[in-house]
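The values are calculated or read from the model by the stated rules, or taken from the named source; none is laboratory data. Here the structure is a predicted model, which is why all the values come from computation and not from measurement. Just so you know, the surface numbers come from the protein's heavy atoms only, side chains and all, with ligands and any DNA or RNA stripped out. Shrake-Rupley method; radii C 1.70, N 1.55, O 1.52, S 1.80 Å.
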Amino acid sequence: MARTVVLDFDGVIHSYTSGWQGVTVIPDPPVAGIKEAIVDIRKFYKVAVVSTRCFQEGGLEAVKAWLAKHNIIVDEVLAHKPPAIVYIDDRALTFDGNPQKLLHKIKTFRTWQQR
Ligand SMILES: [Mg+2]
């Protein structure tokens, strides 16, 4: 069975340029090129999309409908992170084994859209 790659939804697949508008409101287009990237990733890995939207009423359905509307095919949409070989998230830091630098990295963190 193929190993899993997890992709965050907002800010990685959904471009999220309008910011938070509500659980079921997904107003923006896909990040440019993400659909093609997911097609390539799925040649080697299972792709799971994880969003905190899926915890709330209508959120899972809204994410699935948006993906379908944009013809983006994934293997699953989940509320919780499953075991995976890598997690792709616009709000993640890669832990490098150096806890001393964490607070500084947190304080200076910017998403790709904020840079
Ligand atoms: Mg995000």
Exercise for review: Mind listing the long-range amide H neighbours of residue 86? Cut-off is under 5 Å, sequence gap 5 or more, other chains count too, H placed in the peptide plane at 1.01 Å from N.
Suggested key: 6
Point to revise | Residues whose placed amide H lies under 5 Å from that of residue 46, excluding near-sequence neighbours | key: 3, 4, 5
Practice item. Pop out the ³J(HN,Hα) list for region 79-95 in order, Karplus 6.51 cos²θ - 1.76 cosθ + 1.60 with θ = phi - 60°, rounded to Hz; leave Gly and Pro as x. Key: 8, 10, 5, x, x, 8, 7, 7, 10, 10, 8, 6, 10, 10, 10, 7, 6
Practice item. Could you bin all the Cα-Cα distances of region 4-107 into 5 Å bins starting at 0 and give me the percent of pairs in each, rounded to whole numbers? Key: 2, 12, 22, 23, 18, 11, 7, 4, 0
**Study point:** Accessible area of region 4-107 divided out per residue, in Å², using a probe of 1.4 angstrom
**Key:** 60
**Study point:** ³J(HN,Hα) computed for each position of region 61-77 - Karplus, 6.51 cos²θ - 1.76 cosθ + 1.60, integer Hz, glycine/proline x
**Key:** 5, 5, 5, 4, 5, 5, 4, 5, 4, 9, 6, 9, 9, 10, 8, 7, 10
Check your understanding: Please state the relative contact order of the chain as a whole percent: Cα pairs under 8 Å, 6+ residues apart?
Key -> 33
Revision key, fill the gap. Computed on Cα atoms, Rg of region 70-114 relative to 2.2 N^0.38 Å comes out at 1.55
Practice item. Work out from phi, with θ = phi - 60° and the Karplus expression 6.51 cos²θ - 1.76 cosθ + 1.60, the ³J(HN,Hα) of each residue of region 104-111, listed in order in whole Hz, and give x for Gly and Pro. Key: 4, 5, 5, 5, 9, 4, 9, 6
Revision key, fill the gap. Per GNM of the chain with C-alpha springs under 10 angstrom, the most fluctuating residue out of 22, 11, 97 is 97
Point to revise | Helix-derived mean residue ellipticity, 222 nm - over the chain, DSSP H n ≥ 4, -39500 (n - 2.57), to 500 | key: -6000 deg cm²/dmol
Exercise for review: Using a 1.4 Å probe over the heavy atoms of the protein chains, calculate the carbon and sulfur portion of the accessible area of region 18-115 as a whole percent.
Suggested key: 57
